[in-house]
Amino acid sequence: MAYKFVDNYREKGARKQLVEILRERGISDAKVLRAIGKVPRHFFFDETFWNQAYKDIAFPIGDGQTISQPYTVAYQTELLHIQKGDKVLEIGTGSGYQTCVLMELGANVYTIERQENLYARTIKVLPGMGYNANFFLGDGSKGIEAHAPYAKIIVTAGAPFVPEILLKQLKIGGILVIPVGDEKSQKMITVIRVSENEYDRIELDTFRFVPLVGDQAW
Ligand code: SAM
């Protein structure tokens, strides 16, 4: 299906500038920058707001939700060290922008969203753009046991703690990236599963995400 929006020279140019802004802010992984440079972020915006699409800001996309700030998307993606063919669980599909970036890196993405209106929109928009992820509706705080284990898990909402159940769905050698804290601010946490029962945990920078709401969350 052809998508109704076009990716013209103005948007392509703005996207290149966004890549430069992210590089200056400290994103150094060339593959991640290339992926950001490929995903037409303006497709997620109403045409009236295309001039906002390549600013490094989060933006309301309707239904009380926002498309994540490109820096945050690039930051979390960089931490995942995606290899082609990696099975990745994304918790919090939202607009689907992060999903597209992961797919540009060659990930096989399983993405779950708890809000039905967002899920309904993404299952139409992403395949229309050529991004055929595996879409799920439900509470991702419990992961998706049926498709585990995952090489990587990314949580795109702020959690009060690292859900144990997600750690168990990681492959040995797998990486979980999750913001953890209170409602106002969270630290980005990476957990690497080094063996059946051993995990290495690293705490990084501070962010502010919408809350992860569910059985293993708020
Ligand atoms: N990464 C997305 C993007 O690129 O636009 C933005 C994600 S948004 C910051 C966080 C999303 O997590 C929201 O859409 C919210 O509804 C969803 N969410 C919160 N708790 C969830 C849960 N338990 N399971 C699945 N999705 C959840």
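The values are calculated or read from the model by the stated rules, or taken from the named source; none is laboratory data. All of these numbers come straight from a predicted model, not from anything done at the bench. Glycine gets a Cβ as well: all are built from the backbone with ideal geometry, and neighbour counts include every protein chain shown. What goes into the accessible areas is simple: the full protein's heavy atoms, side chains included, and nothing from ligands, DNA or RNA. Shrake-Rupley method; radii C 1.70, N 1.55, O 1.52, S 1.80 Å.
On the basis of the beta-carbon distance and an R0 of 22 Å, ASN51 and GLU24 show a calculated FRET efficiency of 0.60. For the options ALA159, ALA53, ALA14, a Gaussian network treatment of the chain with springs between C-alpha atoms closer than 10 Å singles out ALA14 as fluctuating the most. Pairs with C-alpha atoms separated by more than 26 Å, drawn from the list LYS38/LYS152; LYS87/LYS184; LYS38/LYS84, are LYS87/LYS184. As a fraction of the 1.4 Å probe accessible area of the range 133-218, surface on carbon and sulfur atoms comes out at 52 percent. Within the straight-line cut-off of under 18 Å between alpha carbons, the aspartates and glutamates reachable from LYS142 are GLU90, GLU113, GLU116, GLU164, ASP215, sequence neighbours fewer than 8 places apart in one chain being disregarded.
Hey, can you find the accessible area per residue of the range 78-218 for me, probe 1.4 Å, expressed in square angstrom?
I get 44 Å² per residue for this part.
As a calculated quantity, the FRET efficiency between GLU183 and ASN8 at R0 = 30 Å, using C-beta atoms, amounts to about 0.15. Cross-link partners of LYS12 among aspartates and glutamates, defined as those whose alpha carbon lies under 18 angstrom from its own and excluding same-chain residues fewer than eight positions apart: GLU20, ASP46, GLU47, ASP56, GLU104. Ranking ILE36, ILE165 by solvent-accessible area of protein heavy atoms (1.4 Å probe, all protein chains present), from largest to smallest, gives ILE165, ILE36.
In this structure GLU196 has an accessible area near 110 Å², from a 1.4 Å probe over the protein heavy atoms. Report, to the nearest whole %, how much of the accessible area of the range 75-122 belongs to carbon and sulfur atoms, 1.4 Å probe, protein only. Carbon and sulfur atoms account for 44 percent of the accessible area of the range 75-122. What the pair-distance distribution of the chain shows, using all Cα-Cα distances binned every 10 Å from zero, is 8, 36, 39, 15, 2, 0 percent.
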